[in-house]
Amino acid sequence: MSLAHTLLMTVAWPLAVAALVAGTLAWRHGRALVEQRSSGRYVVPPGVAGDWLSRWRVALWVSAPLPALAVALALPEASLTLDWWLLGGEWRLDGTRRALLGFTALLWALAGGYAHGYLGGKARRARHGDPDAERDLQAFVLLWPLTLAGNLMLILAEDIASFYTGFAIMTFAAYGLVVNAGSREAYRGGRAYLIMAILGEGMILAGLLWAAASAETLTLTGLREGLAVAPQANAMATLLWLGFGVKAGVIGLHVWLPLAHPVAPTPASAVLSGAMIKAGLLGWWQTLPLGLTALAGLGRVVMVAGLVAAFAAALYGVTQRHPKAVLAYSSVSQMGMMTTLVGLALLAPSLWPMLAPALVLFAVHHGLNKGALFLGVGITEHPPRLPGWLLWLLLALPALSLAGALASGLIAKWVLKAGLYDAGWSWLVTLLTWAALGTSLLMARTLWCQAHAWQEARRHGAAPAPLSMTLAWALCALLAAVPWWLTLPEASAGAVQATVLPPWGELPGLLWPVMLGAVVTAALVVACHLEPRLHARMSRAERLPPGDLWPLYVRLASSLSDPLRRGVARLSNAEETAQDLAAGCGRHAIAWLTALQRWEAWLRRWAVPLMVVLGGGLWLALMR
Amino acid sequence: MNDNPGLLLAALATSLLVAPLIFLLPERAWLARTTLNLGAALLKLGLVALMVAGVARGDSYALGFTVVEGVSFQLRADPLGIMFAGLSSLLWLFTTLYAIGYLEGSPNRKRFFGFFSLCVASTLGIALAGNLFTFLLFYELLTLSTYPLVVHRGTPKALAAGATYLRYTVSGGVLLLIAVVALHVLAGEVNFGQREVLAELGPEHHAWLIGIFVLLMLGLGVKAALVPLHGWLPQAMVAPAPVSALLHAVAVVKAGAFGIVRVVYDVYGIALSYELGLLAGLAIAASFTILYGSLRALAQVDIKRRLAFSTVSQVSYIMLGISLFGPMGTIAGLAHLLHQGLMKVTLFFCAGNYAEELGIHRIDELDGVGRRMPGTSLAFTLGALGMIGIPPLVGFLSKWYLGMGAIQAGMPWVIAVLVASSLLNAAYFLPILYRLWFKPGPLEGCGAWPEERRLGRLETSAWLLWPVLATAAFSLLAGVFAGLPFSPLSWASLIATQEYLP
């Protein structure tokens, strides 16, 4: 058991927690079955609801991401080879992975703590015999660590099989989290999520198989290097880009995000939008030949798609009424910016050494802040007993940071801006800055919606959020704002300049989008108050449904699937006809044989007369 | 060349001799029959395990005698054969356990278990056959011994299915017989592995060789359910669940697929098949079958019928793997022979459990079953996800090697077939999983089970539950620990290396 084996622990521990939950459930189920045998009718036993009271059981459950966090913070660079695993496992911890692992584990840990409070009400209902609540709770408690294990595995994986395994486990287990509420909307969001995810998995599988087989490799590094020299690199990279793009919310493939995020339980939305969405980015990072070769055509497409997402999602997002939908569109917009940078790296590989640390910084910054924002939505629905200024300060902190006005956001922006200016991409900087204006508006809109929810909650006297919820959220908001991850061991290697705060002279250039956003928002609020017609027009815009293109896709798919269904029905008819025909032929043959038998019986009966006649005839013929 | 014939004979005899003994026992001697069945299954598994270890060490097991001049009966344990033998003995044990629980209290159990043993004995014979003549003997024995199992229930529907089954398989058998005789005339006796015999025939014989190959494929393709010869398989699903499981996972369908493997690798040789352009044809037929089976499965409402069409599709993965020239394709085909067996047997067991415990036959009756029968449903979930190709289940490994093989053989379009088939698999399996776990069912007060029986202390009878869990665990563990020696994948790789590096 070497030090590297602790890498195995990071994934094994959440899996063990999931197995423990499953085992407990199975045991109780079995015992209840045996006990209820006499009564005849079977009822679902009270499974995990009771455990939600026991502190140490919940602590065990929340501890699932802690080994990963410890590994990210303390373990030196390590790699682990697992001969027995799948096609031969190879896991690694290096600079990029450490940053992603650290923030992912942290977000999961905080969201897990938050979930404890969030699900308290459900656990109470389940204890009082509500089977629906019990079912939701069981699914959540079981699938949460499983999804986490997948997420951690895909970050650590260096071999393709582990990476794809982690990705698949995360994707499929997260479906159960998305639909956990069990409502109609939840299932609609879940369906959008699953269908898009499966299409994505298909493209990923195709891309991975094609590229890995051409390069004859089992590792992601080998895949990237092989892709850089492969003749059909453009086609393979397109498949991979689109496949991972589903998870990363590339425009056109993003439709599941605004449908699935609002319906999922809040802690699940936080990890979906904060951590899991980054799996798409990591997928690009690990499989596309970034910094190795230029794929100009694809690079341009990727860049344009990213920019379109950054602007369009912001425009559409501000019309949304549900804060989580606004945040989901904000995720699409932010991921659009990251997509733009990936496209830039495909277009100009020489920029990659500058882009890579900036991208990591951006991803970690967005992940934690988005997580904090999502967790905040639950807080405004159940306002804790905090002074109003503190509550709103903590709610506004991640919003300001994401808009780029504060700590981690400011640094991420500055690193990027400085690097791009130096490389002569000033027009891109301008565009990204304008996109940041969109982010500011989205953040303002989120806070606006939350304020509404807050007022509503206070009017109806909603129960205050439990302590664990408030604590996890406050901690997340604070940790997200402070760029502590810059102090991680190897993270500094590429991002030395990142630790440098932007000079004072640059601040106005970095802060104007936020200022402008604030001014525009304030102006709109004032104008709406003064001019009711404007207010009415704005309200009409608010009717735009989340999931913009999804209904269109559904109609398209059904118009395509109807002919397919008819075709399949025709096929089966044809098959049956053919079989009937064959059976008919068989019957005919049998009938013919039966007829032959009758003929033979007739022959037997008349054999002697026939012989006589025949003999007589022959004799006559010969005598002639 | 009689080296180590004892073990070979003993393994074959365990199930072959058990059959008459079971026929001799009276119908109500449950304990004796069960002991006999399980004892034989365990004994055979042990013997085959011994042979597996021996073959891995490099020992050879063979037995042969001349029947008439120029035609001999040959039994031989080579890595390929022993792989199939291992699969059949492992699954026989589980299927026997399952069948004991499944048929509890139903009539004609003596007949069932007798023919069941005969069926498994013929499968073992097929696995260990050393030439086409021996193969043909056991192949036909399998056809005949399966018929009573298919029609076991004796209902008009079962009888009709049995008639269809016989019509297809006997016609296939005739074609196979003609092909074997023609090959005999052309090249004399060809033992499996003597690939040079056909390879040395001059180009003037190539037209004949191609013709015979097509005939062989038609004959074997009936059992392997290659479209359009698959018609009997979906109908035969009226048989009891253990029979369906055996039919789809090891016995009949696999016998056809295994025969095709033997013909391609050990009679023609992969090099000759490739030269004659036979592999491309096989690849196209297999791809067509894969897509056709998946499409048809989509429209089925009966659980077992959907599984049957899924078999049509999945078994062709084996043929597809074989038709990809190169070691990766070989590994894919051979590993899938085992992988598909593990996953499909699990799925059919589950379907049987649903039918037995709750009277569920149709997919729309499965709402909320996950909470009533979590063990079975977990096994079904694992099997279905494996079929879709989700890692770390075994189905993913098959798909991975198929993809590698496709590129190695210069046929990248196969990847498109694979992905399309995965998507279709997801389209017909995931709705079932959705119903199992996410839809409210009778436990939540929506509707009622069609016909609930409380068969055991747990969610269903232990005889039915444990085999399901065991095979599901195998299909998970064979994927997770694929890198260990004696895993299906490692064994398939071993065979592939022998095939390509003589």
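Values in this text are rule-based calculations from the coordinates and carry no lab data. Source: prediction; values computed, not measured. Cβ coordinates were reconstructed from backbone atoms using ideal geometry, including for glycine residues, and neighbour counts include every protein chain displayed.
For the pair residue B:462 and residue A:463, label points projected 7 Å from Cα toward Cβ lie 4.3 nm apart. Diffusion coefficient of the range A:149-268 by Stokes-Einstein, Kirkwood radius over Cα pairs, 4 °C, 1.567 mPa s: 86 µm²/s.
Below 8 Å, C-alpha to C-alpha, sequence gap of six or more: please give me the relative contact order for chain B in percent. After rounding, I find 14 percent.
Within 10 Å of each Cβ of B:294-300, how many other protein chain Cβ atoms are there on average? List each step's numbers first, then the result.
Values: counts 0, 6, 4, 1, 4, 5, 1.
Mean number of neighbouring Cβ atoms from other chains: 3.
Using only the Cα atoms of the range A:249-375, construct the convex hull and provide its projected area averaged over every direction, in square nanometres to one decimal.
Values: hull surface 27.5 nm².
Result: 6.9 nm².
Hey, with R₀ at 60 Å, roughly what FRET efficiency would residue B:9 and residue A:576 work out to, going by the Cβ-Cβ distance, to 0.05?
On the way: r = 46 Å, r/R0 = 0.77.
In this case the efficiency is close to 0.85.
Applying the Karplus relation 6.51 cos²θ - 1.76 cosθ + 1.60 with θ = phi - 60° to the range A:521-527 yields 3J(HN,Hα) values of 4, 4, 4, 5, 4, 5, 4 Hz, where x marks Gly and Pro. Across all C-alpha atoms in chain B, the radius of gyration and Dmax reach 21.6, 73 Å.
May I ask for the Kirkwood hydrodynamic radius of chain A, worked out over all distinct Cα pairs and given in angstroms to one decimal? Write down the numbers at each step before the final one.
Working: mean 1/r = 0.0370 Å⁻¹.
One decimal place: 27.0 Å for the Kirkwood radius.
Length available on full extension from residue A:452 to residue A:622: 0.36 nm per residue minus the Cα-Cα distance, which gives 49.1 nm. Compute the distance from the alpha-carbon center of the range A:394-440 to that of the range B:1-73, in whole Å. Using only Cα atoms, the two centres lie 75 Å from each other.
Gyration tensor over the Cα atoms of the range A:358-422: the corresponding equivalent ellipsoid has semi-axes (square roots of 5 times the eigenvalues, largest first) of 29, 11, 6 Å. Between the Cα long axis of helix A:323-347 and the first principal axis of chain A there is an angle of about 80°, rounded to the nearest 10. Calculated mean residue ellipticity at 222 nm for the protein assembly as shown: -25000 deg cm²/dmol, from DSSP H runs with n ≥ 4 weighted as -39500 (n - 2.57), summed, divided by the residue count and rounded to 500.
How large is the dipole of the range B:342-502 about the Cα centre if only Lys and Arg carry +1 and Asp and Glu carry -1, each at its Cβ, rounded to the nearest 20 debye? Let's see the in-between values first.
Numbers: 10 positive and 10 negative charges, 30 e Å.
With only Lys, Arg, Asp and Glu charged at Cβ, the dipole is about 140 debye.
What the phi angles of the range A:393-399 give under the Karplus curve with 6.51, -1.76 and 1.60, with θ = phi - 60°, is a coupling list of 5, 5, 6, 7, 4, x, 5 Hz, glycine and proline written as x. Projecting the Cα positions of B:126, B:29, B:51 onto the charge dipole of the range B:1-141 (unit charges on Cβ atoms of Lys, Arg, Asp and Glu, taken about the Cα centre) puts B:29 furthest along the positive direction. Take every Cα pair under 8 Å whose residues are at least 6 apart in sequence, average their separation, divide by the length of the range B:342-502, and the relative contact order is 37 percent.
Cα centroids of the range A:547-592 and the range A:60-106: 50 Å apart. Computed from Cα atoms, the angle from the helix B:132-150 axis to the main principal axis of chain B rounds to 20 degrees. In this Cβ point-charge picture (+1 for Lys and Arg, -1 for Asp and Glu), chain A has a dipole of about 1940 debye about its Cα centre.
At a Förster radius of 25 Å, what calculated FRET efficiency corresponds to the Cβ-Cβ distance of residue B:30 and residue B:155, to the nearest 0.05? Mind dumping the intermediate values first?
Details: r = 24 Å, r/R0 = 0.97.
It comes to 0.55.
Please give the FRET efficiency for residue A:70 paired with residue A:127, using the beta carbon to beta carbon distance and R0 = 45 Å, rounded to the nearest 0.05. Present the calculation step by step, with values, prior to reporting the outcome.
Details: r = 34 Å, r/R0 = 0.75.
About 0.85, to the nearest 0.05.
For residue A:151, what charge total do you get from the other residues with a beta carbon under 12 Å from its beta carbon, if Lys and Arg give +1 and Asp and Glu give -1?
Numbers: positive: A:247, A:278; negative: none.
Around residue A:151, the surrounding residues sum to +2.
Under a Cβ-Cβ cut-off of 9 Å, what is the net charge of the residues other than residue A:433 that fall near it, where Lys and Arg count +1 and Asp and Glu count -1? Net charge around residue A:433: +2. Could you tell me the distance between the Cα centroids of the range A:329-351 and the range A:238-302, to the nearest Å? Going from one Cα centre to the other spans 10 Å. Think of chain B as having a plus end and a minus end, set by charges on the Cβ of Lys, Arg, Asp and Glu; of B:228, B:63, B:243, B:243 sits farthest toward the positive end of this dipole. Look at the dipole of chain B built from charges on Cβ: of B:353, B:87, B:197, the Cα furthest out on the positive end belongs to B:353.
Provide the net charge surrounding residue B:496, with neighbours chosen by a C-beta distance below 14 Å and charges set as Lys +1, Arg +1, Asp -1, Glu -1. Could you put the intermediate results ahead of the total?
Numbers: positive: none; negative: B:78, B:266, B:499.
After counting each charged neighbour, the total is -3.
Among A:51-62, A:139-150, B:62-73, sorting by the average number of other beta carbon atoms lying within 10 angstrom of each residue, highest first, gives A:139-150, A:51-62, B:62-73.
Assuming 0.36 nm per residue, please report the length gained on full extension of the stretch residue A:595 to residue A:608 beyond their Cα-Cα distance. Walk me through the numbers before you get to the answer.
Numbers: separation 13, 0.36 × 13 = 4.68 nm, distance 2.16 nm.
Stretched fully, the residue A:595-residue A:608 segment lengthens by 2.5 nm.
Over all pairs of different C-alpha atoms in the range B:342-502, the reciprocal of the mean inverse distance, the Kirkwood hydrodynamic radius, equals 17.2 Å.
Rounded to the nearest angstrom and listed largest first, the equivalent-ellipsoid semi-axes of the range A:288-330 from its Cα gyration tensor are 31, 11, 5.
Partners of residue B:44 within straight-line reach, counting lysines whose Cα lies under 28 Å from its Cα and excluding those fewer than 8 residues away in the same chain: B:110, B:223, B:254, B:344.
Relative to the Cα centre, the charge distribution of chain B, modelled as +1 at Lys and Arg Cβ and -1 at Asp and Glu Cβ, gives a dipole magnitude of about 1320 debye.
Rounded to the nearest 10 degrees, the inclination of helix B:413-438 to the longest alpha-carbon principal axis of chain B is 20 degrees. Rg/Rh for the protein assembly as shown (Cα atoms only, Rh after Kirkwood) is 1.04. Coupling constants for the range A:87-92 follow from the phi torsions by the Karplus curve (6.51 cos²θ - 1.76 cosθ + 1.60, θ = phi - 60°), and in residue order they are 8, x, x, 9, 10, 8 Hz; glycine and proline get x. The mean number of Cβ atoms from other chains found within 10 Å of a Cβ in peptide B:388-395 is 5, as a whole number. Taking amide H positions as modeled 1.01 Å from N, with prolines and chain starts lacking one, the residues under 5 Å from residue A:219 and 5 or more places away or on another chain are A:160.
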